[in-house]
Amino acid sequence: MADHQELANSGQAPEVASLQTRGMILGGIGLALCAAGYMADSARFFEAYLVGYLYWLAISLGCLGWTMIHHLTDGNWGFPVRRVWESGARTIWLMALLFIPILLAGDHLFPWMAEGALEDHIIAGKAGYLNTTFFSIRALLYFVIWGGMALILTSTSYKQDSEGPEPLGVRLRLTSGPGLLIMAITVTFSATDWAMSIDPHWFSTIWGFLFAASDLLAAMAFTICIAKMLEHCPPLNKALTTDTFHDLGNLLMAFTMLWAYMSFSQFLIIWSGNTQEEAPWYLLRMDNGWIIISVILIVFHFMIPFTVLLTRKTKRAANVLVKVAIFMLMMRFIDLYWLTMPTLTAHGEHGAGFHPSWIDIAPWLGVGGLWLFFFSMQLRERPLTPLTDPRLQQALEGTGGHH
Amino acid sequence: MATNVSPLQSEPVIGPNQTYGSVTDKIANICLGKQAPPVFWYIGLLTGLALMGGLGHGALWLFLNGVGVWGLNIPVGWGFAIINFVWWIGIGHAGTLISAILLLFRQDWRTSINRFAEAMTLFAVSCAGLFPLLHVGRPWLAFWLMPYPNTMNVWPQFRSPLVWDVFAVSTYATVSALFWYTGLIPDLATMRDRATGKVAKTIYGIFALGWRGSARHWERYEIAYLMLAGLSTPLVVSVHTVVSFDFAVSVIPGWHATLFPPYFVAGAIYSGFAMVLTLAIPVRYFWGLEDFITMRHIDAMAKVTLATGLVVFYGYMMEVFFGWYSQNEYEQFMILNRMSGPYAPMYWMLIFCNGLTPQLLWFKKVRFNIPFLFVISLIVNVGMWLERFVIVVTSLHRDFLPSSWDMYYPTFWDWIIYIGSIGQFLVFFFLFLRFVPMIAIFEVKHLVPLSKKA
């Protein structure tokens with residue numbers, strides 16, 4: 001079966017190889033910039049590193065989340081891009097490694113780790129949770145759980161290529177139900193640890209949901225980009241249809257709305273309550289130049305993409321949809337920057353204002369290059385779609401494949 | 001057309017040996033009295049009427065004496081009225097989700113349960129609407145809630161979510177009614193054509209709005225229905241979000257939580273699906289509708305109940321964790337007071353009903369065990385009522401000033417009006433079952449090709 005051989009090697013597509021090369025080059029440039037940034041201003045470098053790191057971690061976690069959502073819902077939109085998610089989920093191990101710099105710079109990034117922090121009675125009260133040992137154990141636990149789930153889900157899925165969709169599918173579904181529950185909990189606590197505790201006084205109960213929705217949003221935008229990139233590679237040229245892009249576009253819109261809904265709810269409740277514990281977080285972002293970014297987020301992270309995605313035309317034209325997706329990926333960076341940077345730099349040498357620096361982009365490039373390199377490596381090793389999914393057979397036969 | 005090959009959908013959406021004719025006969029005969037209503041129907045309707053009498057009695061007493069007959073007092077100025085309001089509004093959400101969102105997602109299992117889930121929404125909203133009207137004490141002045149130019153120069157406070165509630169709920173009721181009625185028109189025409197009695201023919205005929213089933217009628221119908229679905233979709237989220245703002249925009253510990261909007265919406269869908277199960281299980285049994293409301297529907301609803309129940313439970317856990325993490329003494333006290341204060345039994349019952357019980361739905365055996373599932377759905381209904389009780393009462397009864405601390409006990413008049421509202425719901429629902437096609441005949445016909453021939 002020459003056909004089968006061709007399908008089995010479909011990961012070797014030149015597009016994937018080229019992405020891998022580009023990832024390597026980008027990573028090289030980014031790491032060089034990181035080194036320069038570290039030497040120029042090490043404090044700023046680590047602040048920027050946290051933003052860049054959280055950005056790519058979101059895509060890894062989002063991919064893991066979509067893998068499980070797809071196993072549970074089994075929508076037709078999912079199977080052509082399942083391998084994209086699975087490859088994205090397998091980057092968790094890389095992200096575990098890249099977490100080390102954050103631990104090293106902990107006492108700078110997390111005020112509660114700094115010396116003398118316990119003199120503050122609120123921080124002292126939280127010390128049972130916010131202490132370096134427990135923080136590190138939790139981080140380790142998150143990565144073991146995420147990495148473990150990614151391994152189980154992807155290896156079972158790869159086994160389906162040779163052993164058929166069932167009964168292995170049962171195992172995938174049985175893992176995904178509780179898996180999503182565990183994801184919700186671990187994503188919540190990791191978002192609390194790594195993005196909320198940079199201001200140890202502040203808290204918001206919607207934070208975990210906001211991050212979970214943002215992760216899924218980022219991963220969906222990324223998926224659309226990769227799907228568009230691979231649309232001419234067999235078997236995706238047959239499996240990816242206009243309907244697939246339409247469905248993925250709908251999901252992109254749904255999560256853009258969800259992001260806006262949660263962000264706005266958080267704002268309205270805190271603004272209206274106007275208490276001393278919570279309001280300062282927004283006051284920081286409504287002043288000192290940050291207000292511009294706040295308005296940019298409302299307009300460009302919600303209003304414009306929402307309006308554009310509302311029409312059928314956008315979602316059914318892959319070349320338009322991919323532009324929206326790239327735009328959303330950019331906006332995800334701005335949102336994460338806005339969520340963390342004002343707090344991180346509030347007590348820095350420049351004060352609480354919006355002072356962008358070239359260093360801010362360096363870790364995002366560096367981590368991103370490595371991430372893409374590792375991602376493409378995963379994608380290359382396996383067929384681009386699950387081989388034994390009955391829908392693949394339908395797609396191949398439906399358009400008169402098998403020449 | 002790609003056939004469905006998913007192993008997840010092993011159960012059929014329609015029973016075997018159904019034809020276009022058999023579907024119409026089965027459903028139309030119920031409305032036209034050709035299939036005599038089961039004894040259960042008489043019992044249900046009479047029970048509903050009896051309880052509704054209690055509602056009238058309670059309301060009359062309330063209007064004569066004022067809201068003082070309820071257990072309300074400072075510091076608990078919000079008792080059963082708001083608890084029941086939120087409970088009923090929440091129940092309504094499943095109908096909207098089933099009819100709007102599942103339609104847009106092209107889920108075929110929505111057909112055959114959408115009609116009576118939407119009816120449930122309408123009746124639940126009507127029960128919900130009772131409570132704010134009763135609580136204002138002088139319902140004949142309720143129009144003051146609306147902003148309109150008036151000689152008194154009095155305007156509602158637009159920063160208050162209670163005003164947003166007026167807009168959200170009235171929009172919700174309007175759109176739900178339109179959606180339900182639009183979906184009914186083709187079936188009402190079927191009833192008109194099948195009715196033999198003159199009265200029935202005339203009444204169904206009036207409501208069928210001259211529907212002839214021409215291609216142009218169908219084209220316009222499809223467009224209108226899809227547009228109403230689009231309009232209803234944001235309402236699934238917006239109504240309960242605004243309801244959650246009633247609490248969350250204040251600074252009361254236990255109310256002021258940023259998680260409230262999504263957590264309330266999930267809770268609403270959760271209670272709504274539980275209520276659809278509570279209603280669907282006896283209805284399919286007593287009217288013999290197992291071929292239309294199949295195990296596939298029951299299973300799917302149980303799964304949605306589980307998923308949303310988990311979100312609700314997540315909300316409880318976050319409240320506890322962030323109550324501690326906030327290191328705010330009032331927040332911490334609120335959590336401890338919920339768990340060990342005078343209303344602690346209510347809290348632990350809530351955890352049992354909404355936290356533990358739905359976990360049974362992980363198991364396929366439970367989801368396919370009808371009597372067991374029915375009991376679970378009842379427990380969930382109770383749990384969601386308890387949730388609102390815990391949120392409202394435990395937060396208020398311990399004010400910031402310990403000198404104002406007091407207990408809240410519902411009075412006889414609280415109970416009779418609450419139970420009476422259930423009676424009103426039952427009366428509406430049982431009348432609907434008898435006189436309106438409870439299953440969308442023409443939509444189920446789309447599924448007939450999937451019916452296995454034996």
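Structure data summary
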read-out: Close pairs (6 angstrom Cβ cut-off, 6 or more residues apart or separate chains): free of Cβ contacts under 8 Å to residues at least 40 places away in the same chain and assigned to a helix (DSSP H, G or I) in the range B:422-448, surrounded by 18 or more Cβ atoms within 10 Å (Cβ to Cβ) and β-branched (Val, Ile, Thr) anywhere; value: none
read-out: Among residues of the range A:318-351, those that are surrounded by fewer than 16 Cβ atoms within 10 Å (Cβ to Cβ), in contact (Cβ under 8 Å) with a residue 40 or more places away in the chain, over 22 Å from residue A:197 (Cα atoms) and not polar (S, T, N, Q), counted; value: 1
read-out: From the options B:132, B:156, residue that is in a loop (DSSP other than H, G, I, E, B) and closer than 28 Å to residue A:268 by Cβ; value: B:156
read-out: Leading residue by the ranking (farthest from the other protein chains (Cβ to nearest Cβ)) among those in the range A:82-98 that are of a type in the set (A, V, I, L, M) and within 16 Å of the chain's Cα centre (by Cα); value: A:94
read-out: Residue match in the range A:138-157 (condition: loosely packed, with under 15 Cβ neighbours inside 10 Å, at pLDDT below 95, within 14 Å of another protein chain (Cβ to nearest Cβ) and part of a helix (DSSP H, G or I)); value: no
read-out: Test: residue in the range A:351-359 that is more than 14 Å from chain B (Cβ to nearest Cβ) and at positive phi; value: yes
read-out: For residue A:341: the one exception among (1) within 14 Å of chain B (Cβ to nearest Cβ); (2) assigned to a helix (DSSP H, G or I); value: (1)
read-out: Unmet requirement for residue A:307, which otherwise passes all of (1) surrounded by fewer than 18 Cβ atoms within 10 Å (Cβ to Cβ); (2) part of a helix (DSSP H, G or I); (3) of a type in the set (Ser, Thr, Tyr); (4) within 12 Å of chain B (Cβ to nearest Cβ); value: (4)
read-out: Total residues in the range A:158-179, condition within 14 Å of chain B (Cβ to nearest Cβ), in contact with a helix residue (DSSP H, G or I) (Cβ under 9 Å, 6 or more places away or on another chain) and not hydrophobic (A, V, I, L, M, F, W, C); value: 11
read-out: Number of positions in the range B:235-264 that are facing chain A (nearest Cβ under 10 Å) and more than 19 Å from residue B:124 (Cβ to Cβ); value: 16
read-out: Filter result for the condition that a residue is among the aliphatic types (A, V, I, L, M) and in contact (Cβ under 8 Å) with a residue 60 or more places away in the chain, over B:200, B:189, B:248; value: B:200
read-out: Test result for residue A:254, under 21 Å from residue A:195 (Cβ atoms) and within 12 Å of chain B (Cβ to nearest Cβ); value: no
read-out: Selection status of residue A:365, in contact with a Ser or Thr (Cβ under 7 Å, 6 or more places away or on another chain) and either assigned to a helix (DSSP H, G or I) or surrounded by fewer than 16 Cβ atoms within 10 Å (Cβ to Cβ) (or both); value: no
read-out: Residue satisfying all of: in the range A:260-288; aliphatic (A, V, I, L, M) and within 9 Å of another protein chain (Cβ to nearest Cβ); surrounded by the fewest Cβ atoms within 10 Å (Cβ to Cβ) among these; value: A:268
read-out: Count - residues of the range A:63-82 that are over 14 Å from residue A:153 (Cβ atoms) and either without any contact (Cβ under 8 Å) to a residue 40 or more places away in the chain or buried (at least 23 other Cβ atoms within 10 Å of the Cβ) (or both); value: 4
read-out: Residue, nearest to the other protein chains (Cβ to nearest Cβ), within the range A:210-231, restricted to residues that are assigned to a helix (DSSP H, G or I) and of a type in the set (D, E, K, R); value: A:215
read-out: Helices (runs of 4 or more DSSP H) within the range B:1-102 that include 1 or more residues out of contact with any Phe, Trp or Tyr (no Cβ under 8 Å at 6 or more places or on another chain) and more than 30 Å from residue B:423 (Cα to Cα); value: B:20-31
read-out: Single residue of A:38, A:55 found to be of a type in the set (Phe, Trp, Tyr) and without any contact (Cβ under 8 Å) to a residue 24 or more places away in the chain; value: A:38
read-out: Residues (small (Gly, Ala, Ser) and either more than 9 Å from every other protein chain (Cβ to nearest Cβ) or without any contact (Cβ under 8 Å) to a residue 12 or more places away in the chain (or both)) located in the range A:180-196; value: A:190, A:191, A:195
read-out: Unique residue being modelled with pLDDT of 95 or more and either in contact with a Gly (Cβ under 9 Å, 6 or more places away or on another chain) or assigned to a helix (DSSP H, G or I) (or both) when the list is A:72, A:19, A:54; value: A:54
read-out: Selection count, the range B:293-333, where residues are buried (at least 21 other Cβ atoms within 10 Å of the Cβ) and either away from chain A (no Cβ under 12 Å) or among the basic types (Lys, Arg) (or both); value: 8
read-out: Members of the range A:187-199 that are surrounded by fewer than 21 Cβ atoms within 10 Å (Cβ to Cβ) and not hydrophobic (A, V, I, L, M, F, W, C); value: A:193, A:199
read-out: Cβ-Cβ under 8 Å pairs, at least 6 apart or on other chains, the range B:149-160 side β-branched (Val, Ile, Thr), far side not in a loop (DSSP other than H, G, I, E, B); value: B:154/B:144
read-out: Selection from the range A:249-272 of residues that are in contact with a Lys or Arg (Cβ under 6 Å, 6 or more places away or on another chain) and of a type in the set (Phe, Trp, Tyr); value: none
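Yes/no per residue for (1) under 23 Å from residue B:264 (Cβ atoms); (2) part of a loop (DSSP other than H, G, I, E, B); (3) touching a helix residue (DSSP H, G or I) at 6+ places or on another chain (Cβ under 6 Å):
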site	(1), (2), (3)
B:183	no, no, no
B:193	no, no, no
B:203	no, no, no
B:212	no, yes, no
B:231	yes, no, yes
B:245	yes, no, yes
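For every residue, the table says whether it meets (1) modelled with pLDDT under 90; (2) surrounded by 15 or more Cβ atoms within 10 Å (Cβ to Cβ); (3) under 24 Å from the mean Cα position of the chain (by Cα).
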site: B:130; (1), (2), (3): no, yes, yes
site: B:143; (1), (2), (3): yes, no, no
site: B:146; (1), (2), (3): yes, no, no
site: B:170; (1), (2), (3): no, no, yes
site: B:180; (1), (2), (3): no, yes, yes
site: B:210; (1), (2), (3): no, no, no
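To keep it simple, each residue is scored yes or no on (1) outside any loop (DSSP other than H, G, I, E, B); (2) facing chain B (nearest Cβ under 9 Å).
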{"position": "A:208", "(1), (2)": "yes, yes"}
{"position": "A:233", "(1), (2)": "no, no"}
{"position": "A:248", "(1), (2)": "yes, no"}
{"position": "A:258", "(1), (2)": "yes, yes"}
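The values are calculated or read from the model by the stated rules, or taken from the named source; none is laboratory data. Only a predicted model underlies this, so the values are computations on that prediction, with no experimental measurement involved. Neighbour counts are summed over all protein chains in view; Cβ atoms, including those assigned to glycine, are modelled from backbone coordinates with ideal geometry.
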